[in-house]
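First up is the structure itself, then whatever we jot down about it.
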Amino acid sequence: MNIRKQGTTLTLIPESDLTANNIEGLKDYFIAQLKEHSDFTHIQLDAGGIEVVDSLGVNLIVGLYREAVSRSAAIEIIGAGENFIKVANFFRLPSLFPIKKAEA
Amino acid sequence: MSASESRRILIVEDNPFNRKLLQTILEQEGFVVEECKNGKEAIERLKEEKFSLIFTDLLMPGMDGFETIRRIRDMGIATPIVTTSSMNSKQDRQRCLEAGADDFLPKPIQTEQIRELLKKYEKNTTQSPAAKDDNECPVSPINASDYRILLVEDDETLGRRYQQFLEKFGFHTIRVFHGDKAWEIFKLHNRDYDIIISNVFTSGIDGLGLLVNIKRDYPDTLVFIYAAEHDTDMFQLAARIGADGVLTQAEFESGMIPMIESAIYRCAQKTSRATAADTVNQVRKAQANLIRLGCAEPCNTIDIAYSQLTDAGGDVASCRRFNLAGRCGVVLGDVSGHNVMSSYISAIFLGILSSVWNKNQNPSDLLRTVNAELNKADYADYHLCVSALLWDRRRGKLRLATAGNPGALWVKKKNNGDIDIEELGGGGMCLGWVKEDFIFTDCEIEMTPGDFLFLFSDGIDSKAVIDILNADKELLRRETTKGISQQILDRILAKQVQKDDMILVALSEPETISDAGLHYSFPSTYSGVEGACQWAAEMIKAEQIPEGKESVLVLLAIREALINAVNYGNAFSHQAFVDLSLYFKPGELRVDISDEGAGFALPAILNKIEHIRVEQLGNRGLAVMNSVSDQVVVNGSTVSLIFRRNI
């Protein structure tokens, strides 16, 4: 898991799938980073390293979205691969926030 | 049974032509014929009405004939059942009889054969109103007319049915609708009633409240509580408060009378040295309802034979298929004594088993749990010897635990055709005696195809079985396990006088389980789910994904079902396993996921993804399974996801 902070934009870069097997560690890490960089106004989740998302992963993304909303911050997903987008569309995540495809 | 009831026949048949044909023949013979289109309808009808004979088809949508027969017998209905079917192989006939049918009528139906059957069951179909039906009103060891019962049931139909049932046995029975009314009447006229029978859920004071009041002020009054379903906590609470008997509605008609007699007998023992009257007839009939051989599923791998002693005991034997991946459980119980109380303890044991078995498939866990439940109730001098096993057929692993029962015989086939018999140790402490839970023996073996395992009660000497197997090795050279237990039992009985109930269970997997599917098993962890998903992704080729389905979403649905099995089915137990099977047909993919849990009920309205709020966290996994697949089928602890080509 990497993290990048540029101004008030906080970019979370998971390097593993958002699945049940990894979710607890990722959740703890996300919470810690949001607490440490609490002055953010914009959260980006870089999905470039994510191949698979399951319902627990979607719950984590929705949790991030709710956290951002509660802090009046914007949120978006960037670098999403084809499979990620199919699952995100299935769960209707684009109705909540922008999801940007990975650049070819 | 009234004269009119003795001329009534029920036909259970989904095919209208066959129904009409049978109806016409029976009406020509002078019978009143009632019809049901399926098993479920028949079960409902039989709750309300009586018939002298039942004809049922075997292949019907929904509940098939085998299941229908089994349920009818579970309701305690002894009416002769004749199956009618074009499935008329020897095995089919055997299955019918095992399910509880009395006769088999092959299709196409011949009028002459029906006449012969009617003649055979003449006793049931021509009885006069005054005649006494042994099946319905057995000889009671007590004089029921000496006892007056106050029955508390607020459901009109159920109340009437139970009142008639009790009156049939000679009990003078008054019914009231509410618990508070019962208490009011009892306070004023307590000398008029000896026994209270109450539904646990009644208006006003509930059954337990009534029990508390009566046992506090009138401790000599017998109180029995019944409930719609077995609830261990409630049952134990009622027992602690002082109920003289607790049972489920399903057991009311088979268990209530023995329970009352047992309580009266115990009261008599407390107050006098007089021995109970002869209870044999009564006990035998009660016991007939308690011995449940085999499970409802058709099976060629587990075979049970039973030989009952002429005076009754309380032995039980039962097996259960936990999931479609071939995990089965067998329990063999031997209750001490040969009297009413033995049958009563058997009923208690079966009640406990029905609630805890699925959740305690590991035999040692099962014995510990049953022991704890029995100890809560304190049945004084009575105890249970039990053997329990869990057989994971696909992996060939078999775990056995015993509490006071003999062990088992493991018969291994050698390459040269000889056999090698190993005695697996049994023993341990009987259940219900002491509270300690480390008192059982257990072992685990790996059975290979062709091996046999024999499990038996202490009425059978292991040496007798060994001698028979050594003398006739042909016995084990067979394609199916069916019938072998009876053959061995017959040979034992030909050589010795029976001194106790005898139950013999044989298990064998004739060959490695194989089917058209692909199978994968993993320990129940999230990393196991990852491995299973990778395996599924490799096994399901792009062209095997039904047309119109997104492979990423199909794999997601499978993943969700696996997570569901780990989280809920196996409750995060790392000792448990999950089985994943893939079946391919043109235009269809079926995925079976089996865990070791008790199964689950699909919510009546299972939300599709488009209907759930995105913020909602619960049920998302189930919603994915339901949204992506075309059908979700839950069968015990196996969930099947069926994906079909979009048309």
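The values are calculated or read from the model by the stated rules, or taken from the named source; none is laboratory data. Here the structure is a predicted model, which is why all the values come from computation and not from measurement. Cβ: placed from backbone, ideal geometry, glycine included. Neighbour counts: every protein chain shown.
Some notes on this structure:
- Count of the range B:49-94 residues which are at pLDDT below 75 and either touching a Pro at 6+ places or on another chain (Cβ under 6 Å) or closer than 23 Å to B:L21 by Cβ (or both): 8
- Verdict on B:I225 being within 26 Å of B:L188 (Cα to Cα), in contact (Cβ under 8 Å) with a residue 12 or more places away in the chain and either within 19 Å of the chain's Cα centre (by Cα) or buried (at least 22 other Cβ atoms within 10 Å of the Cβ) (or both): yes
- The selection criterion, being over 15 Å from B:V152 (Cα atoms), of a type outside the set (F, W, Y) and not in a strand (DSSP E or B), does not hold for B:G209.
- Of all the residues in the range B:203-220, those that are hydroxyl-bearing (S, T, Y) and buried (at least 17 other Cβ atoms within 10 Å of the Cβ) number 0.
- Applying the set (1) at pLDDT 80 or above; (2) in contact with a Ser or Thr (Cβ under 9 Å, 6 or more places away or on another chain); (3) of a type in the set (A, V, I, L, M) to B:I109 leaves exactly one unmet item: (1).
- Unique match (being modelled with pLDDT of 90 or more, farther than 28 Å from B:F51 by Cα and outside any loop (DSSP other than H, G, I, E, B)) among B:L166, B:L150: B:L150
- The residue of the range A:47-81 that is farthest from B:V529 (Cα to Cα), among those that are more than 8 Å from chain B (Cβ to nearest Cβ) and of a type in the set (D, E, K, R), is A:R71.
- Leading residue by the ranking (farthest from the chain's Cα centre (by Cα)) among those in the range B:497-556 that are of a type in the set (S, T, N, Q) and away from every other protein chain (no Cβ under 14 Å): B:Q544
- Residue count for the range B:220-233, restricted to those that are closer than 15 Å to B:S354 by Cα and either assigned to a helix (DSSP H, G or I) or modelled with pLDDT of 80 or more (or both): 4.
- Members of the range B:369-401 that are modelled with pLDDT of 90 or more and of a type in the set (K, R): B:R399
- Filter result (at positive phi and small (G, A, S)) within the range A:58-104: A:S72, A:G79
- Among the candidates B:N564, B:N607, B:N626, B:N646, the residue that is assigned to a loop (DSSP other than H, G, I, E, B) and either surrounded by fewer than 15 Cβ atoms within 10 Å (Cβ to Cβ) or at pLDDT 80 or above (or both) is uniquely B:N646.
- Residue within the range A:9-31 that is over 17 Å from A:I78 (Cβ atoms), touching a strand residue (DSSP E or B) at 6+ places or on another chain (Cβ under 9 Å) and away from every other protein chain (no Cβ under 14 Å) present: yes
- B:V370 hydrophobic (A, V, I, L, M, F, W, C), more than 21 Å from B:K463 (Cβ to Cβ), buried (at least 17 other Cβ atoms within 10 Å of the Cβ) and not assigned by TED's automatic domain parsing to the domain that holds B:I484: yes
- Of the residues making up the range B:575-584, not one is over 17 Å from B:S527 (Cβ atoms) and either assigned to a loop (DSSP other than H, G, I, E, B) or within 10 Å of chain A (Cβ to nearest Cβ) (or both).
- Odd one out for B:S485 among (1) surrounded by fewer than 22 Cβ atoms within 10 Å (Cβ to Cβ); (2) not in a strand (DSSP E or B): (1)
- Selection within the range A:48-58 - touching a strand residue (DSSP E or B) at 6+ places or on another chain (Cβ under 6 Å) and in contact (Cβ under 8 Å) with a residue 40 or more places away in the chain: A:G48, A:G57
- Answer from B:E530, B:E543 - the residue that is surrounded by fewer than 13 Cβ atoms within 10 Å (Cβ to Cβ), in the same structural domain as B:N564 (by TED's automatic domain parsing), out of contact with any strand residue (DSSP E or B) (no Cβ under 7 Å at 6 or more places or on another chain) and more than 23 Å from B:R399 (Cα to Cα): B:E543
- Every condition in (1) away from chain A (no Cβ under 14 Å); (2) closer than 30 Å to A:F90 by Cα; (3) not in a loop (DSSP other than H, G, I, E, B) holds for B:A494 except the one numbered (2).
- The residues in the range A:82-103 that are within 9 Å of chain B (Cβ to nearest Cβ), of a type outside the set (G, A, S) and over 19 Å from B:S551 (Cα atoms) can be counted, and the count is 2.
- For B:F572: the one exception among (1) among the hydrophobic types (A, V, I, L, M, F, W, C); (2) surrounded by fewer than 16 Cβ atoms within 10 Å (Cβ to Cβ); (3) away from chain A (no Cβ under 14 Å): (3)
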